[in-house]
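A short write-up of the structure that comes next.
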Amino acid sequence: MTKREQEEYKRLFKEGTIGFPKGKNKGKVAHWWAKVYDEGSEYGINGGRISKLSIKIGGKTTLSYDRGWDIEPDENDEATMIAYSIILQEYN
C-alpha cells in the first residue's frame, strides 16, 4: 500500500469503543468500525456519509451495514441502539 493509499485509508476509516458504565448495560463495551465519506450518498445510512458500519458487543456482531443492511439494529438491544445513535450523531 502506498503512502497516499494509507493516508486515504486513515481518512475514510474510523473505529472506536463505547463503554457503558451504568444501568443494565454496565460493563458492556461496543467495538465499532465505519467507513465515512466527506459527503452523503445513496449508499450511506439514511443517505448519509457512513457507507459501512459494524458494531460488536461481547464478540457478537449486533449491527452490520455495507451499502445496505446485512444485520439491522434490534430496537430492543439498548446497548447497540445507544452505540448506533452516538456513531450516527458523530459521523453521518
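Quick note: the coordinates plus some simple rules give every number you see, no bench work behind them. Keep in mind it's a predicted model, so treat the numbers as computed, not measured. Please note: Cβ atoms are built from the backbone with ideal geometry, for glycine as well, and neighbour counts cover all protein chains shown.
A simple rule links phi to the HN-Hα coupling: the Karplus curve 6.51 cos²θ - 1.76 cosθ + 1.60 with θ = phi - 60°, which for region 29-38 gives 9, 9, 9, 9, 9, 9, 10, 10, 8, 6 Hz, with x for Gly and Pro.
First check a/c for region 3-91, with a ≥ b ≥ c the square roots of the eigenvalues of its C-alpha gyration tensor; if it is under 1.5, answer rounded, and if not, answer prolate when a/b is larger than b/c or oblate otherwise. Cα axes put region 3-91 in the prolate bin. A simple packing score, the average count of other Cβ atoms within 10 Å per residue, orders the peptides 67-78, 33-44 as 33-44, 67-78, with the highest score first.
Ordering 26, 14 from the fewest to the most neighbouring beta carbons within 10 Å gives 26, 14. Over the chain, DSSP H runs of length four or greater, each weighted -39,500 (n - 2.57), average out per residue to a 222 nm ellipticity of -8000 deg cm²/dmol. Taking the Cα centre of the chain as origin and assigning +1 to Lys and Arg Cβ atoms and -1 to Asp and Glu Cβ atoms, the resulting dipole is close to 480 debye.
Once both axes come from the Cα atoms, what is the angle between helix 78-91 and the longest principal axis of the chain, in degrees from 0 to 90, rounded to 10? On a 0 to 90 degree scale, this one is about 30. Full extension of the chain between residue 86 and residue 26 yields a length gain of 19.9 nm, computed as 0.36 nm times the residue separation minus the alpha carbon distance. Computed from Cα atoms, the angle from the helix 3-12 axis to the main principal axis of the chain rounds to 40 degrees. Placing unit charges on each Cβ (+1 for Lys and Arg, -1 for Asp and Glu) gives the chain a dipole about its Cα centre, and among 17, 73, 46 the Cα reaching farthest toward its positive end belongs to 17.
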